Amino acid sequence: IRTLEPREHVRLRPGMYIGKLGDGSSVDDGIYILLKEVMDNSIDEFRMKAGKRIDVKIKDGTVTVRDYGRGIPLGKIVDVVSIMNTGGKYDDGAFKKSIGLNGVGTKAVNFLSNYFKVKSVREGKMRIAEFREGKLDIL
């Protein structure tokens with residue numbers, strides 16, 4: 001009997017989180033689920049009138065999604081992308097309408113990415129965290 005940490009579980013059984021793995025050549029490949037998870041968070045901000053624009057850039061195998069919303073609370077930036085079931089959508093206060101609600105999306109993206117960077121600007125201050133295969137590398 002083994003008990004896996006969430007990161008280990010997602011990396012060992014990615015299909016449970018993103019469906020079919022694939023290489024991106026099929027519309028139902030998991031890579032698109034990962035992109036959708038990040039974009040859903042940006043869309044939530046946009047729908048709540050907290051951002052006016054969402055930028056998506058794909059270049060040289062790297063995907064960048066930037067929204068101009070409220071920003072992740074700076075003290076929670078690592079938790080939000082690396083601790084399962086952590087998120088701001090569990091009560092009615094912060095998000096009136098929301099696409100994603102289960103606290104798994106960006107964690108799965110982080111855990112399944114070779115490199116993952118999250119940057120938040122909030123109230124004039126900024127924080128950045130970088131991960132390699134879901135492990136915190138730089139804060």
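Per the 1.4 Å probe, what fraction of the accessible area of the chain, in percent, lies on carbon and sulfur atoms?
Result for the chain: 53 percent of the exposed heavy-atom area is carbon or sulfur.
Given a 1.4 angstrom probe, what's the average accessible area per residue across the chain, in square angstrom?
Result: 67 Å² of accessible area for each residue.
Extension gain residue 2-residue 70, at 0.36 nm per residue separation less the Cα-Cα distance, in nm?
20.5 nm
Residue 12 versus residue 25, label points 7 Å from Cα toward the beta carbon: distance in nm?
Those two pseudo-labels are separated by 3.1 nm.
Got a number for the accessible area of residue 137? Probe 1.4 Å, square angstrom, nearest 10.
80 Å²
The values are calculated or read from the model by the stated rules, or taken from the named source; none is laboratory data. Since the structure is predicted, the reported quantities are computational estimates derived from the model, not experimental observations. Note that each Cβ is placed from the backbone with ideal geometry, even for glycine, and that neighbours are counted across all protein chains shown. What goes into the accessible areas is simple: the full protein's heavy atoms, side chains included, and nothing from ligands, DNA or RNA. Shrake-Rupley method; radii C 1.70, N 1.55, O 1.52, S 1.80 Å.
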